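The values are calculated or read from the model by the stated rules, or taken from the named source; none is laboratory data. These numbers were taken from a predicted model, which means no experiment stands behind them. Here Cβ is always computed from backbone atoms with ideal geometry, including for glycine, and neighbour counts include all displayed protein chains.
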Amino acid sequence: MHLQKALTTIGQYEILELVGEGGLGKVFRARDTSTGDIVALKLLHERYGADERFLGVFHRELMMHRTVSHPSLVPILDNHFEPPTCYIVSRYIDGWPSRFLIRHYGRVPPLIALALMVQVSTGLDALHLRDLVHGDLSAANILIEKTGKVFLTDFSLTADVSSLVKKEHIFGTPGYYSPEHLTASPVTPASDVYVIGLLLWELIMGTKMIPALDGGNSVPILLQHMANVSFRNFKCTQEELVKDILGLLRNILHPVAIKRYENGEKLGRALEMVLRKHGIHNPQAAVVQYLSDGLLAAHYRVATQNIYMGYAPYTIEDLQLLNPKS
């Protein structure tokens, strides 16, 4: 990478804009000058380029993609590991992370939350079938394309189940831990399922299920919160839908891993059953319909489904929450 072009090109990629930044590096929307395609380029911070621990994180993500390929997993297209310039290039998803929907809308209709997570579960199923655990699910690494399709990304902590039996430290994203993330218990596919429950609650309610997970609380305090979660005041106005979703959440968020849905396949089946029962037979189309009501031009609109069942201001305070946010 030439210094005079450092801000505009990286290898064969023309940098268009910064779209994200984390502890390890930055993510750019870029153009592949050899094909003209728009891609996402994840650039490792230069200070980590010679550190084998951080390079290992990038290599782990690359190796995962060589093992698993699935339409719901964002594919890697290219990579470069020559310090100080180390990057991974993946497909660019033209849309938003799920955390943006929460910030923009306040909360989303219960059926849309299910329609998002049932798509995520298919990506998890592809990992779990190969005895892999994502290990770092969060509202930031679930991407919602303008087509209504949902993608799972950020596999830097994805690992084989057998390697997660003994952990040396807590890993993952604060706010999105399972009990197993915090203890000596092995992280398993059921741990990914637990985090899907946290995300479902956050999407539907507009708040974290366990706010304490975001803070610097001790592990015993966090585990106590997890063992005593409350499902009161669930924001849905349709009684049968409330019953069905709370039934799902009680299984998904059980503090004991073996009492949850054990993997992405079983979770997906349970989510799909509830969606179909309440008239949602095409989850991707339901997401497009919702996005077209608030974020997209009208030409994205598709045949309508009753996506707003049970979705209304739930309390006086909720009126403010449901005002769209920019």
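Conditions (1) surrounded by fewer than 20 Cβ atoms within 10 Å (Cβ to Cβ); (2) in the same structural domain as L275 (by TED's automatic domain parsing); (3) closer than 30 Å to L319 by Cβ; (4) in contact with a Cys (Cβ under 7 Å, 6 or more places away or on another chain), marked per residue:
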position: F100; (1), (2), (3), (4): yes, yes, yes, no
position: V108; (1), (2), (3), (4): no, yes, yes, no
position: L129; (1), (2), (3), (4): yes, yes, no, no
position: G135; (1), (2), (3), (4): no, yes, no, no
position: T147; (1), (2), (3), (4): yes, yes, no, no
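Y176 - would you say it is at pLDDT 90 or above and part of a loop (DSSP other than H, G, I, E, B)? Even if it seems obvious, please write down each step before you answer.
Values: at pLDDT 90 or above: yes; part of a loop (DSSP other than H, G, I, E, B): yes.
It is true that Y176 is at pLDDT 90 or above and part of a loop (DSSP other than H, G, I, E, B).
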**Message:** Out of the residues in the range 21-35 meeting the condition of being small (G, A, S) and assigned to a strand (DSSP E or B), tell me which one is modelled with the highest pLDDT.
**Reply:** A30
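Report whether or not A312 is buried (at least 18 other Cβ atoms within 10 Å of the Cβ) and either modelled with pLDDT of 95 or more or farther than 15 Å from M117 by Cα (or both). Outline the logic, then answer.
Values: buried (at least 18 other Cβ atoms within 10 Å of the Cβ): no; either modelled with pLDDT of 95 or more or farther than 15 Å from M117 by Cα (or both): yes.
Here the answer is no, as A312 does not meet what is asked.
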**Complete:** Counting only helices (runs of 4 or more DSSP H) entirely within the range 186-303, those with at least 1 residues that are in the same structural domain as H134 (by TED's automatic domain parsing) and farther than 22 Å from F100 by Cα are 189-205, 219-227, 239-252, 264-277
**Among (1) modelled with pLDDT of 90 or more; (2) surrounded by 17 or more Cβ atoms within 10 Å (Cβ to Cβ) - the single one P186 does not satisfy** = (1)
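Does I112 count as in contact with a helix residue (DSSP H, G or I) (Cβ under 9 Å, 6 or more places away or on another chain), in the same structural domain as V193 (by TED's automatic domain parsing), outside any loop (DSSP other than H, G, I, E, B) and modelled with pLDDT under 95?
Working: in contact with a helix residue (DSSP H, G or I) (Cβ under 9 Å, 6 or more places away or on another chain): yes; in the same structural domain as V193 (by TED's automatic domain parsing): yes; outside any loop (DSSP other than H, G, I, E, B): yes; modelled with pLDDT under 95: no.
Taking the combined requirement at face value, the residue does not satisfy it.
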**Message:** Give me the residue from the range 36-62 that is over 18 Å from T153 (Cα atoms), modelled with pLDDT under 80 and surrounded by fewer than 14 Cβ atoms within 10 Å (Cβ to Cβ) and, out of that set, farthest from the chain's Cα centre (by Cα).
**Reply:** A50
**Residue under evaluation M117, criteria (1) surrounded by 22 or more Cβ atoms within 10 Å (Cβ to Cβ); (2) part of a loop (DSSP other than H, G, I, E, B); (3) touching a Leu at 6+ places or on another chain (Cβ under 6 Å), criterion not met** = (2)
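So, D293, is that one under 21 Å from V150 (Cβ atoms) and touching a His at 6+ places or on another chain (Cβ under 8 Å) or not? Walk me through how you get there before you give the answer.
Details: under 21 Å from V150 (Cβ atoms): yes; touching a His at 6+ places or on another chain (Cβ under 8 Å): no.
No: the conditions fail for D293.
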